[in-house]
Amino acid sequence: MMDTRPPLAAARDAISAARRIVIFTGAGMSAESGVPTFRDALTGLWARFSAEALATPEAFARDPELVWGWYEWRRARVRAAQPNAGHRAIAEFAARRAAEGSGGVTVVTQNVDDLHERAGGPAAVHLHGSLFAPRCGACGAPGAFATVEPVEPEGGRRLAPPRCEQCGGALRPGVVWFGEGLPEAAWSAASQAMDSCDLVLCVGTSALVYPAAALPEQALRAGATLLQVNPGHTAFDALARFNLKGSAATVLPALLCGNH
Ligand code: APR
């Protein structure tokens with residue numbers, strides 16, 4: 001029989017019926033917090049570069065000051081940003097489900113910001129690492145930022161990476177660069193969540209970057225329903241049972257919390 005309900009209502013019913021839910025987020029999740037997505041054009045000192053050209057081990061080896069300066073500029077942008085209504089809706093939804101005992105919610109993110117956590121949500125599985133966890137590029141020891149946070153100029157600047165306290169090597173950002181493997185613990189937590197969920201909600205991801213983009217497909221193969229929230233077209237359009245066209249901060253409060 002044809003489903004004549006409006007897509008938002010039908011998607012809400014699918015969510016209510018699901019026992020285990022994974023929310024899989026990408027850069028669009030944080031766009032309305034003012035954190036640029038990876039496909040946005042870079043500005044200032046970075047205008048000559050694409051994000052893909054800066055986010056590689058080769059770029060860091062060639063010009064560590066350029067790459068460290070870019071990550072410090074990005075970290076400053078994230079520190080100044082606030083979680084948006086979409087992050088808050090996910091946090092409220094997860095807390096409500098936990099209180100009702102109506103089933104687990106796992107947040108798996110490709111984002112390197114901390115906005116899910118700052119919204120008060122469950123700790124997200126960070127597939128691509130974090131802007132806030134630098135480590136030594138030589139010995140791997142965890143590094144720390146200066147206790148007084150620097151003020152980054154609007155247009156960015158070159159910055160020498162700090163030195164490792166253990167071995168004197170240069171610190172590197174604690175993120176996954178193009179060409180690098182994903183952190184094992186995060187990958188296996190995400191993979192297990194995908195295998196055992198009945199619904200995966202994809203928000204603000206272009207679904208172009210593998211292996212992360214394969215995770216929702218894995219959930220589909222294991223029998224889950226895929227829902228998508230995105231204002232644009234993505235590789236998941238054809239796979240999603242419901243495509244809710246709109247931004248994270250407008251659609252998620254209505255979808256997860258019934259706020260219109
Ligand atoms: N709300 C929801 N989605 C949005 C919004 C918004 N306000 N604004 C943009 N989008 C969507 C875009 O339509 C696009 O599909 O967010 C997506 C952003 O795509 P990408 O920039 O490719 O981000 P992402 O999918 O997270 O990229 C994956 O690639 O570059 C690497 O490591 C980086 O984690 C990143 C990964």
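What follows is calculated from the coordinates using simple rules that are stated; it is not laboratory data. Not measured: the values here are computed from a predicted model. Virtual Cβ from ideal backbone geometry, glycine too; neighbours counted across all protein chains shown.
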Within the chain, the percent of DSSP beta bridges that are antiparallel, given to the nearest 5, stands at 20
Over all pairs of distinct alpha carbons, what does the Kirkwood formula give as the hydrodynamic radius of the chain, in Å?
19.2
Give me the one-decimal nm value for the distance between modelled label points at Thr56 and Ala141, 7 Å along each residue's Cα-to-Cβ direction.
3.1
Residue by residue through segment 128-134, which ³J(HN,Hα) values in whole Hz follow from phi under the Karplus form 6.51 cos²θ - 1.76 cosθ + 1.60 (θ = phi - 60°), with glycine and proline marked x?
10, x, 9, 5, 9, 9, x
The long-range amide H neighbours of Thr225, using H built 1.01 Å from N in the peptide plane and a cut-off of under 5 Å, are Leu199, Val200
So the angle from the long Cα axis of helix 248-257 to the longest Cα principal axis of the chain, reported in degrees to the nearest 10, equals 40
Give me the one-decimal nm value for the distance between modelled label points at Leu208 and Arg221, 7 Å along each residue's Cα-to-Cβ direction.
2.4
What is the set of long-range amide H partners of Ile23 at a cut-off below 5 Å, with H atoms built 1.01 Å from backbone N?
Thr106, Val107, Val108, Leu201
In nm, give the distance between the simple-model label positions of Asp13 and Glu184, each being 7 Å from the Cα along the Cα-to-Cβ direction.
4.6
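May I have the convex hull volume per residue, in Å³, for the Cα set of segment 1-100?
On the way: hull volume 17.5 nm³, N = 100.
About 175 Å³ per residue, rounded to a whole number.
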Grab the eigenvalues of the alpha-carbon gyration tensor for segment 97-171, scale each by 5, take roots, and send me the semi-axes largest first in whole angstrom.
32, 17, 11
Any chance you could check the Cα centroid distance between segment 7-53 and segment 102-134 for me, in angstrom?
13
Relative contact order (%) - segment 1-151, alpha-carbon pairs under 8 angstrom, separation at least six
23
Using 0.36 nm per residue of separation minus the Cα-Cα distance, give me the extension gain between Glu165 and Arg241 in nm, one decimal.
22.3 nm
Just the projected area, averaged over all directions, of the convex hull on the alpha carbon atoms of segment 121-214: how many nm²?
8.7
In degrees rounded to 10, the 0-90 angle between helix 85-100 Cα long axis and the longest Cα principal axis of the chain is 60
